[in-house]
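Student: Following this message is one structure expressed as structure tokens.
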Amino acid sequence: MAMLEIKDIEVFYGVIQAIKGISFEVNEGEVIALIGANGAGKTTILHTITGLLSPKKGSVVFEGKDITKVPAHKIVSLGMAHVPEGRRVFAELSVYQNLKMGAYTRKDKAEIAQTLEMVYKRFPRLEERKNQLAGTLSGGEQQMLAMGRALMSHPKIIVMDEPSMGLSPILVNEIFDIIQEVSAGGTTVLLVEQNAKKALSIADRAYVLETGKIVLDGDAKELMNDDSIKKAYLGE
Ligand code: ATP
């Protein structure tokens, strides 16, 4: 059984249909990339999975449980963390306070302290800046904070929306290295990216989205060598 199953979802904004019947699955331990151009529906899919949007049709099943109608905060306690597009850190709170917020579904103080230590180890820059207001961090540091905050919920799966957005090439590499470390640490990853090259380079499998539909899917390395993908998404 797949860890996460998206079954034939259709999602509307008013009368406009953004997702036109999409199915895919994520197995435990995988890194899965959803790639596609602006407006293809990537964010809409992630919001439907994390409970921020409801599909008109279809279902989302996580570890065998239908979570289609489960509210977002409950989904976090089931073990799914969301790193939203544009980071969305709490600008007026310190780095440390932001990280603490990420653990709001957990009770055990000793375990939370342990996770905080792990996050600081993975992101030394966050520890150096733990008392700095999050709004004053650079874009790359805010992305690290958003990822660290998600890890504070000790998720089984982490769902990331465009982690490379607005970052310099060096920082993009750094963020993708960290995603690989998170994956190696045992967390399943579902990644939405416009940077198809980077996403395919770390993913196991990928799904290609065009105007609300999956038009291609398969092994990430094979997709990287697919002529239509090269032309449309890899700028070759
Ligand atoms: P991007 O990479 O630009 O973020 P995306 O693939 O994530 O794009 P979505 O944000 O999911 O795409 O948008 C899919 C479609 O739904 C687009 O046509 C968009 O204009 C539309 N859409 C998104 N949010 C809304 C909204 N709140 N109201 C109406 N239409 C929306």
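The values are calculated or read from the model by the stated rules, or taken from the named source; none is laboratory data. Here the structure is a predicted model, which means the values were calculated and not measured. All Cβ positions, glycine included, derive from the backbone under ideal geometry; neighbour counts span all protein chains shown. These area figures cover heavy atoms from the full protein model, side chains too; ligands, DNA and RNA do not enter into them. Shrake-Rupley method; radii C 1.70, N 1.55, O 1.52, S 1.80 Å.
Student: Are there any pairs, at least 6 apart or on different chains, whose C-beta atoms fall under 7 Å, with the first in the range 179-193 and in a helix (DSSP H, G or I) and the second β-branched (Val, Ile, Thr), and if so, which?
Tutor: Correct list of pairs: Ile179/Val189; Ile179/Ile202; Gln180/Ile202; Val182/Ile158; Val182/Val189; Ser183/Val31; Ser183/Val189.
Student: Sticking with this one: Select, from Ile202, Ile158, Ile229, the only residue that is more than 16 Å from the ligand (Cβ to nearest atom) and at pLDDT below 90.
Tutor: The unique qualifying residue is Ile229.
Listed here are the residues, each with its yes/no results for (1) touching an Asp or Glu at 6+ places or on another chain (Cβ under 8 Å); (2) within 16 Å of the ligand (Cβ to nearest atom); (3) open to solvent by less than 30 Å² (accessible area, probe 1.4 Å).
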{"site": "His154", "(1), (2), (3)": "yes, no, no"}
{"site": "Met165", "(1), (2), (3)": "yes, yes, no"}
{"site": "Ile170", "(1), (2), (3)": "no, no, no"}
{"site": "Ile178", "(1), (2), (3)": "no, no, yes"}
{"site": "Val192", "(1), (2), (3)": "yes, yes, yes"}
{"site": "Glu222", "(1), (2), (3)": "no, no, no"}
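Student: Applying the selection to the range 153-178, what residues are hydroxyl-bearing (Ser, Thr, Tyr) and in contact (Cβ under 8 Å) with a residue 40 or more places away in the chain?
Tutor: From the range 153-178, those hydroxyl-bearing (Ser, Thr, Tyr) are 153, 164, 168; that's our starting set.
Listed by number, the list holds a single entry, Ser153.
Student: Which residue out of Ser23, Ser94, Ser77 is in contact (Cβ under 8 Å) with a residue 24 or more places away in the chain, hydroxyl-bearing (Ser, Thr, Tyr) and within 30 Å of Lys231 (Cα to Cα)?
Tutor: Ser23 is the lone residue from the list that is in contact (Cβ under 8 Å) with a residue 24 or more places away in the chain, hydroxyl-bearing (Ser, Thr, Tyr) and within 30 Å of Lys231 (Cα to Cα).
Student: Could you say whether any residue in the range 8-22 is among the basic types (Lys, Arg), within 13 Å of the ligand (Cβ to nearest atom) and in contact with a strand residue (DSSP E or B) (Cβ under 8 Å, 6 or more places away or on another chain)?
Tutor: yes
Student: Looking at the range 33-49, I want the residues that are more than 7 Å from the ligand (Cβ to nearest atom) and have a partner that is not in a strand (DSSP E or B) with Cβ atoms under 6 Å, at least 6 apart or on another chain. Which pairs are those?
Tutor: Note: pairs meeting the criteria are Ala33/Ala199; Ala33/Ala203; Leu34/Lys42; Ile35/Ala196; Ile35/Ala199; His47/Leu53; Thr48/Pro55.
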